[in-house]
1. Look through I128, I164, I191 and report the one residue that is of a type in the set (A, V, I, L, M), closer than 18 Å to N22 by Cα and assigned to a loop (DSSP other than H, G, I, E, B).
2. Check off (1) more than 23 Å from G190 (Cα to Cα); (2) without any contact (Cβ under 8 Å) to a residue 24 or more places away in the chain; (3) buried (at least 18 other Cβ atoms within 10 Å of the Cβ) for G62 and give me the number that stays unchecked.
3. Within segment 165-196, how many residues are touching a residue at least 40 places away in the same chain (Cβ under 8 Å) and of a type in the set (D, E)?
4. Scan segment 47-55 and give yes if some residue there is under 25 Å from Y186 (Cβ atoms), crowded, with 19+ Cβ neighbours inside 10 Å and at pLDDT below 95, otherwise no.
5. So which residues in segment 95-118 are surrounded by 18 or more Cβ atoms within 10 Å (Cβ to Cβ) and not β-branched (V, I, T)?
6. Does at least one position in segment 83-99 carry a residue that is free of Cβ contacts under 8 Å to residues at least 12 places away in the same chain, basic (K, R) and assigned to a strand (DSSP E or B)?
7. On the basis of being exposed (fewer than 15 other Cβ atoms within 10 Å of the Cβ), of a type outside the set (D, E), within 21 Å of T121 (Cα to Cα) and modelled with pLDDT of 95 or more, does I174 make the cut?
8. Count, please, the residues in segment 197-209 that happen to be part of a strand (DSSP E or B), of a type in the set (A, V, I, L, M) and in contact (Cβ under 8 Å) with a residue 24 or more places away in the chain.
Amino acid sequence: MRKFILMFFAFSIINTAQVAVNPTRPSASDNAFTTAQGYSEIEFGFSSTKNNWTLPLLLKFGMLQNFELGFSMNGLVNSINNTEIGNPGLQLKYRFLDKGRLSIALVGKTEFIKNLDPAYTFYAVPSIVAEAFQVDATFGIKIADDGFGYNSSFIHVVSLSPNIDEKFGMFAEIFGEMTTNFNPIYLDGGISYKLSNSFVVDTSISYGLNDDAGKDITFQIGFTSLIFKLF
């Protein structure tokens, strides 16, 4: 049994080395691509602001062609007052269009929040891949319980990534959300480096552009990696 398990993981490592990982972090925007069918990925990092830090985690499973199942969690959430486990969540992602340079995916997420009803997020993700650059956008709606009932907000992200080098990547984006009385807007930028086809490290900094967003800076560092072949 022990030899079988070791052989399984060795075979999985060999197979994952031949498959390219699909990082969606640390950008606020998603992209229209999914984890390769039959493979699993992990996105993990450290995110810090002036008053708290978190350990965001996303596990992704390529269940079918162009279909991905994800499990997310903020890991530990540490603030001035306390430290606790972050909210877990589930997500489904389906790429329904892949035509030339344009791909479009639909994503649905559920986040289970302590002492509140679950939050739901639905958005579309168009990605345009050109020779010199890639544009990823995210447009959708978030429905969350604020303690008095459900309220909805419109989320929007536009990200630009120039194609500079095969291993080195960078992006700049503007993102935010819109409600009746709250409209934070942020500027975000970051870099990534591909250590191999299956392992990418990244870092980013975001900054609030208006009063609703505040002036706090968020720093992130982390990685995306294929874990093993599922089937």
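The values are calculated or read from the model by the stated rules, or taken from the named source; none is laboratory data. Predicted, not measured: the structure shown is a model, and the values here were computed from it. When we count neighbours, we look across all protein chains shown, and the Cβ atoms used for this are built from the backbone with ideal geometry, even at glycine.
1. Details: I128 fails: assigned to a loop (DSSP other than H, G, I, E, B); I191 fails: assigned to a loop (DSSP other than H, G, I, E, B).
From the options I128, I164, I191, the qualifying one is I164.
2. Going through the list (1) more than 23 Å from G190 (Cα to Cα); (2) without any contact (Cβ under 8 Å) to a residue 24 or more places away in the chain; (3) buried (at least 18 other Cβ atoms within 10 Å of the Cβ), G62 breaks only (2).
3. At the first step, the residues of segment 165-196 found to be touching a residue at least 40 places away in the same chain (Cβ under 8 Å) are 171, 173, 175, 186, 188, 190, 192, 196.
Cutting the leftovers down to of a type in the set (D, E) gives us 173, 188.
Summing the residues that are touching a residue at least 40 places away in the same chain (Cβ under 8 Å) and of a type in the set (D, E) in segment 165-196 gives 2.
4. Start the filter on segment 47-55 by keeping residues that are under 25 Å from Y186 (Cβ atoms), which leaves 47-55.
Those left that are additionally crowded, with 19+ Cβ neighbours inside 10 Å: 47, 54.
Those left that are additionally at pLDDT below 95: 47, 54.
Yes, segment 47-55 has at least one match.
5. Going residue by residue through segment 95-118, those that are surrounded by 18 or more Cβ atoms within 10 Å (Cβ to Cβ) are 95, 103, 105, 107, 109, 111.
Those that are surrounded by 18 or more Cβ atoms within 10 Å (Cβ to Cβ) and not β-branched (V, I, T): R95, S103, A105, K109, E111.
6. Looking for residues that are free of Cβ contacts under 8 Å to residues at least 12 places away in the same chain, basic (K, R) and assigned to a strand (DSSP E or B), one finds at least one in segment 83-99, hence yes.
7. Values: exposed (fewer than 15 other Cβ atoms within 10 Å of the Cβ): no; of a type outside the set (D, E): yes; within 21 Å of T121 (Cα to Cα): yes; modelled with pLDDT of 95 or more: yes.
When the stated conditions are applied, I174 does not pass them.
8. So the first thing to find is which residues in segment 197-209 are part of a strand (DSSP E or B), and the list is 199-208.
Adding the requirement that they be of a type in the set (A, V, I, L, M) leaves 200-201, 205.
Those left that are additionally in contact (Cβ under 8 Å) with a residue 24 or more places away in the chain: 200.
Qualifying residue count, segment 197-209: 1.
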